[in-house]
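Input: a single structure, listed below in structure tokens.
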Amino acid sequence: MGDVGLLDVVDEKLGDGLETLLCAHHSRRLRKLGWDVTSGDGWWTPHRPVRTGNRVEVLVDGHEVLPAIAEAITSAERFVHIAGWCTSPDFRLTREEGSPTLRDLLASVATRVPVRLLLWAGPPVPMFQPTRKRVLAHQAEFTRDSAVSCVIDARERTLHCHHEKIVVVDDEVAFVGGMDLTAIEGDRHDTSRHPARDPIGWHDLGTRLRGPVVADVADHFRSRWQEIAGEELPEPSVPEPAGTSSAQLVRTIPERTYDFAAKGEFSLLDSYLRALRSAERLVYLENQFLWSPEVTEVLIEKLANPPHPDFRVVLVLPRKPSNGADTTRGQLGRLLDADDGGRRLVAGTLTSHDGGTSCSVYVHAKLAIVDDRWLSLGSANLNEHSLFNDTEVNVVTDDAAVARDTRLRLWSEHLQRPVEDVSGPAHEVVDGLWREVLESDGEHRVTALPGVSRRAGRLQGPLRGLLVDG
């Protein structure tokens, strides 16, 4: 036992040192580029415009996200623009009998309006999906016997990617979220019931946007497209107000990737840190990863020195992420240490049950809600890749009604209770329902995240960050 204790101590010290080194490295990098994300008050990052008069709809799981995208594309009258990490021609946006593949849908729409599709090229060496060979095959299939314009973007930062997922139709409606239009790594078609099935269930989120913020999504696509495709596009038209929500589009763009952002943009990181630093009562995160030391340091400080007696942190993460499971669990161990028995933190994952069958539901969502007054949703994971080195897009709103309604819908889904049962004070629901479910042995949708550990995996995140972050 003594040896194990010593290893724990050594591991913790090494982890602390590496994380300090990584944060210092990131700070130096941002300072050289003229970015300061270490201070600043208020919800909004000053680096991006805040748009008023928007309608922000949060779409939950594939059965809401995918048909909404299909409807918008089908109804296009001027153009369709899509950019994503991976977009597969054989993917179907709906499971209705006779529904077309994405390739056939886009080809049909392209007979009457321009359709532009911007794909990440894939890694330079075939270490993971989608490989460059596969992306080239996708490009060939999308353009076969069709007027679809499909361009491959290989300007990624080394060992990183273009990870954003956006759709813009007619400068009138835009979709920003975490849903890839592909079946690679899992079946995106799932419902809030998450029935046990093979392949693995898939929990994801998206937004449908209307109003002036749509122009910011459109302009982001336009900027990337013009540099990669060499085709000039007109400036987006700004839609008329469509709702009452203020919204802000925030981005990660690594430096030296595009001429339109030569020094990069890190408004997404700035936005996250501002909101988390301001948290007083509740931080609710759904994410595929939780590696970022910048993020976890803020949460650790909040747990160690709660801003309010009712302060709680609720995390929903995958049981086994596609990579970095030990890193995430190591960071969870640090958060539990900071909580120090205060029972302010709960961490769960999603599981499906069907009689005698149980299987994981993959948490691919990228959502943050703070104090039911601030919501961020998009493509960004809470790791160095998304916050510093991949291209990412999130939409942020301070519409309290949207934030609270989204949280209640998700807690109702995960805890399998009516919305009325989860609509009380957040700390009471956490201390009661969340803990009751996580600490019981029954077949529940949300279950305690297994294997939380402070040890060896703790080192992987900082090491990975230092190795792949220039």
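Structure data summary
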{"item": "Filtered residue count, segment 355-367, keeping only those that are farther than 29 Å from ARG256 by Cα and either open to solvent by 10 Å² or more (accessible area, probe 1.4 Å) or out of contact with any Gly (no Cβ under 7 Å at 6 or more places or on another chain) (or both)", "result": "8"}
{"item": "Residue in segment 339-352 that is nearest to the chain's Cα centre (by Cα), counting only those that are open to solvent by 20 Å² or more (accessible area, probe 1.4 Å) and under 22 Å from VAL429 (Cβ atoms)", "result": "ALA347"}
{"item": "Any hit, segment 372-384, residues being touching a helix residue (DSSP H, G or I) at 6+ places or on another chain (Cβ under 9 Å), aromatic (Phe, Trp, Tyr) and farther than 25 Å from HIS189 by Cβ", "result": "yes"}
{"item": "Test result for SER27, in contact (Cβ under 8 Å) with a residue 40 or more places away in the chain and of a type in the set (S, T, N, Q)", "result": "no"}
{"item": "Of all residues in segment 289-302 being modelled with pLDDT of 95 or more and open to solvent by less than 10 Å² (accessible area, probe 1.4 Å), the one that is nearest to the chain's Cα centre (by Cα)", "result": "VAL295"}
{"item": "Considering residues of segment 171-196 that are open to solvent by 20 Å² or more (accessible area, probe 1.4 Å) and closer than 30 Å to GLN226 by Cα only, the residue modelled with the lowest pLDDT", "result": "ALA183"}
{"item": "Which numbered condition GLU156 misses (of (1) out of contact with any strand residue (DSSP E or B) (no Cβ under 7 Å at 6 or more places or on another chain); (2) surrounded by 15 or more Cβ atoms within 10 Å (Cβ to Cβ); (3) of a type in the set (Asp, Glu))", "result": "(1)"}
{"item": "Members of segment 197-211 found to be part of a loop (DSSP other than H, G, I, E, B), open to solvent by 20 Å² or more (accessible area, probe 1.4 Å) and touching a residue at least 24 places away in the same chain (Cβ under 8 Å), listed by number", "result": "ARG197, ASP198, ILE200"}
{"item": "Residue in segment 105-113 that is surrounded by 19 or more Cβ atoms within 10 Å (Cβ to Cβ), over 24 Å from HIS194 (Cα atoms), touching a residue at least 60 places away in the same chain (Cβ under 8 Å) and out of contact with any Gly (no Cβ under 8 Å at 6 or more places or on another chain) present", "result": "no"}
{"item": "Answer residue from segment 180-217, given it is in contact with a helix residue (DSSP H, G or I) (Cβ under 9 Å, 6 or more places away or on another chain) and among the charged types (D, E, K, R) and is farthest from VAL361 (Cα to Cα) among those", "result": "ARG208"}
{"item": "Filtered residues of segment 263-280 (kept if surrounded by 24 or more Cβ atoms within 10 Å (Cβ to Cβ) and touching a Leu at 6+ places or on another chain (Cβ under 8 Å))", "result": "PHE266, LEU268, LEU269, TYR272"}
{"item": "Pairs with Cβ under 6 Å, 6+ apart, first in segment 74-85 and free of Cβ contacts under 8 Å to residues at least 12 places away in the same chain and small (Gly, Ala, Ser), second assigned to a strand (DSSP E or B) and surrounded by fewer than 21 Cβ atoms within 10 Å (Cβ to Cβ)", "result": "none"}
{"item": "Count - residues of segment 345-378 that are outside any strand (DSSP E or B) and of a type in the set (Asp, Glu)", "result": "2"}
{"item": "Hits in segment 274-317 (condition: hydrophobic (A, V, I, L, M, F, W, C) and assigned to a helix (DSSP H, G or I))", "result": "ALA275, LEU276, VAL295, VAL298, LEU299, ILE300, LEU303, ALA304"}
{"item": "Identity of the residue in segment 23-35, of a type in the set (A, V, I, L, M) and not in a loop (DSSP other than H, G, I, E, B), that ends up surrounded by the most Cβ atoms within 10 Å (Cβ to Cβ)", "result": "LEU30"}
{"item": "Residue ranges of helices (runs of 4 or more DSSP H) in segment 379-470 with at least 2 members crowded, with 18+ Cβ neighbours inside 10 Å and modelled with pLDDT under 90", "result": "460-468"}
{"item": "Selected residue (only one of VAL167, VAL217 is over 21 Å from THR349 (Cα atoms), open to solvent by less than 40 Å² (accessible area, probe 1.4 Å) and touching a Phe, Trp or Tyr at 6+ places or on another chain (Cβ under 7 Å))", "result": "VAL167"}
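Residue-wise test of (1) of a type in the set (Asp, Glu); (2) touching a residue at least 40 places away in the same chain (Cβ under 8 Å); (3) open to solvent by 40 Å² or more (accessible area, probe 1.4 Å).
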| residue | (1), (2), (3) |
| --- | --- |
| GLU12 | yes, yes, yes |
| LEU21 | no, yes, yes |
| VAL37 | no, yes, no |
| GLY42 | no, yes, yes |
| GLY53 | no, yes, no |
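The values are calculated or read from the model by the stated rules, or taken from the named source; none is laboratory data. Note that the structure is predicted; figures quoted are calculated from it, not measured. Here Cβ is always computed from backbone atoms with ideal geometry, including for glycine, and neighbour counts include all displayed protein chains. Accessible surface areas use protein heavy atoms only, side chains included; no ligands, DNA or RNA. Shrake-Rupley method; radii C 1.70, N 1.55, O 1.52, S 1.80 Å.
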